[in-house]
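Presented below is the structure to which this report refers.
The values are calculated or read from the model by the stated rules, or taken from the named source; none is laboratory data. The model shown is predicted, which means the values in this text are computed figures rather than measured ones. Cβ sites come from the backbone with ideal geometry, for glycine too, and all protein chains shown count toward neighbours. These accessible areas exclude ligands, DNA and RNA; they are computed on the full protein's heavy atoms, side chains included. Shrake-Rupley method; radii C 1.70, N 1.55, O 1.52, S 1.80 Å.
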Amino acid sequence: MDASLHARAEQLATEFANQARTAEDLNGLMRLMMKSALERMLNTELDVHLGRRLSPKAAVAELPSEEIPSAGEPAVGVVGSPNRRNGKSPKTVQGDLGELTIATPRDRNGTFEPQLIPKHQRRVPGFDEKILALYAKGMTTRDIQQIVQELYGVDVSATLVSEITADLDAEVTVWRTRTLAPVWPIVYFDGIVVHVRGANGRVSQHTVYVALGVNLEGKKELLGLWLAESEGAKFWLTCLTDLQNRGLSDIFVACIDGLSGFAEAIHTAYPKTSVQLCLVHLVRAALRYVSTQDSQAVARDLKKIYQAATVIEAEQALAAFAQAWDAKYPTIAKMWRAKWTDIITLFDFPPAIRKAIYTTNAIESVNSVIRKFTRNRKIYPSEESALKNVYMAVREASSKWTMPIHHWKQALNHFAILFENRMPQPINN
């Protein structure tokens, strides 16, 4: 808003304050101003359509520089069209201030197509976004109807909510099939469980498969969402194939949980990719076998393994752990030895990269966002509804992913050396 508009808004606010005595009075004044502004803008659109007034851009382009009108001054064109005004039609629209009945101008030829509030549209621009924001919070259609009625005094039908959210289907499809950059230094994979009602009415657990990438600028981006009835390495291979088909040809490090067969699936799709098991998942899995009184001591000794400086020191720490705890908890050391190859991947990298890959905290934070927004939805009516809701939650959260991950510049320098032949070459302008 420029200075002149800001000053005028302040003046109007002062006038409103002098005339309004209650919040209801103020709302009435705001509704009247909104109605008047919408009608004036629609009339201006019709003037432009009839050739009685040039659009601002066209007016400035056609006038000599010394004749360019000042801000707010209309540019008048030549009347030459046989078409003309043909009265007005009442139209009720819904918006932040409730329902407004506005007079929409018509032309005799019926060729006028309003841009501000298009034909057949019954909602003021911005109203749909508020409905979608409520939907993204995991609210049901009934919840949305109630809140919109309480906040705006507008009755919205279940059909209207469905129409607004249905537009998301095309957006989700485009997003899920978009082309990806060919090289991603780090990709985190994880799954989150939701409950979905099937076509037969039976509710079952489904897994939302999530792939979160870190690009060459160090910024996070959700690469894909998939849904299946259970989490398994076989379906993960399908997800990886989808990423390949969309252009992702190389991953330097894939960070995964301890799902059996997952590492093999990644090596099948991306043979050159290093796999790093999430140490947080491994520690949690180990502590399931440990009594409460021993949990802190066991966690502390496991930490010595993955925070060692070298692989040799890590192996020594694992041997010391086994000597100390095998008598009480023989399963833990055995489990870590079975997955040792994918545990020690982090020792191939310097500390700057280790901090980014030895835990899937980055994707855990995404999952927490999904859980936050889906908490209100105990059961989804369909798989499409579940995916759409998760997409909305992540879309809202990703607006905050504007900064690179910590120590990214150091990590990128090491990646450039370690994967010199696989790093994309800079484009020369």
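Could you check region 227-273 and list, in sequence order, the residues that are part of a strand (DSSP E or B) and either among the charged types (D, E, K, R) or open to solvent by 20 Å² or more (accessible area, probe 1.4 Å) (or both)? I'd like the intermediate steps shown before the answer.
Taking region 227-273 as the starting set, the residues that turn out to be part of a strand (DSSP E or B) are 227-228, 250-256.
Of everything in region 227-273, those that are part of a strand (DSSP E or B) and either among the charged types (D, E, K, R) or open to solvent by 20 Å² or more (accessible area, probe 1.4 Å) (or both) turn out to be L227, D250.
To keep it simple, each residue is scored yes or no on (1) out of contact with any Phe, Trp or Tyr (no Cβ under 7 Å at 6 or more places or on another chain); (2) open to solvent by 20 Å² or more (accessible area, probe 1.4 Å); (3) at pLDDT below 85.
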| residue | (1), (2), (3) |
| --- | --- |
| A166 | yes, yes, yes |
| A181 | yes, yes, no |
| D190 | yes, no, no |
| G198 | yes, yes, yes |
| L216 | yes, yes, no |
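Going by the conditions given, is E150 within 21 Å of the chain's Cα centre (by Cα) and either modelled with pLDDT under 65 or not hydroxyl-bearing (S, T, Y) (or both)? Break it down stepwise before answering.
On the way: within 21 Å of the chain's Cα centre (by Cα): no; either modelled with pLDDT under 65 or not hydroxyl-bearing (S, T, Y) (or both): yes.
No.
The rows are residues; the columns are (1) of a type in the set (D, E, K, R); (2) under 19 Å from F349 (Cβ atoms); (3) more than 25 Å from the chain's Cα centre (by Cα).
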site: K234; (1), (2), (3): yes, no, yes
site: N245; (1), (2), (3): no, no, no
site: A265; (1), (2), (3): no, no, yes
site: Y270; (1), (2), (3): no, yes, yes
site: C278; (1), (2), (3): no, yes, no
site: Y289; (1), (2), (3): no, no, yes
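State yes or no: is A211 surrounded by 15 or more Cβ atoms within 10 Å (Cβ to Cβ), of a type in the set (G, A, S) and closer than 21 Å to K372 by Cα? Spell out the reasoning first.
Details: surrounded by 15 or more Cβ atoms within 10 Å (Cβ to Cβ): yes; of a type in the set (G, A, S): yes; closer than 21 Å to K372 by Cα: yes.
Yes.
List every residue pair whose Cβ atoms lie under 7 Å apart, where the two residues are 6 or more positions apart in sequence or sit on different chains, the first residue falls within region 101-114 and is closer than 13 Å to V48 by Cβ, and the second residue, located anywhere, is surrounded by 15 or more Cβ atoms within 10 Å (Cβ to Cβ) and among the aliphatic types (A, V, I, L, M).
Between residues of region 101-114 that are closer than 13 Å to V48 by Cβ and residues that are surrounded by 15 or more Cβ atoms within 10 Å (Cβ to Cβ) and among the aliphatic types (A, V, I, L, M), the close pairs are P105/L42; P105/L46; D107/L46; D107/L50; F112/L46; P114/L42.
Scan region 392-411 and report the pairs whose first residue is over 17 Å from E364 (Cα atoms) and whose second residue is hydroxyl-bearing (S, T, Y) and part of a helix (DSSP H, G or I), with Cβ atoms within less than 7 Å and a gap of 6+ or a chain change.
M392/Y135
Residues that are modelled with pLDDT under 85 and either among the acidic types (D, E) or surrounded by 14 or more Cβ atoms within 10 Å (Cβ to Cβ) (or both): which helices (runs of 4 or more DSSP H) entirely in region 317-429 hold 3 or more of them?
Numbers: elements: 330-338, 340-343, 351-357, 361-374, 383-398, 408-418.
By residue number, 351-357, 361-374, 383-398.
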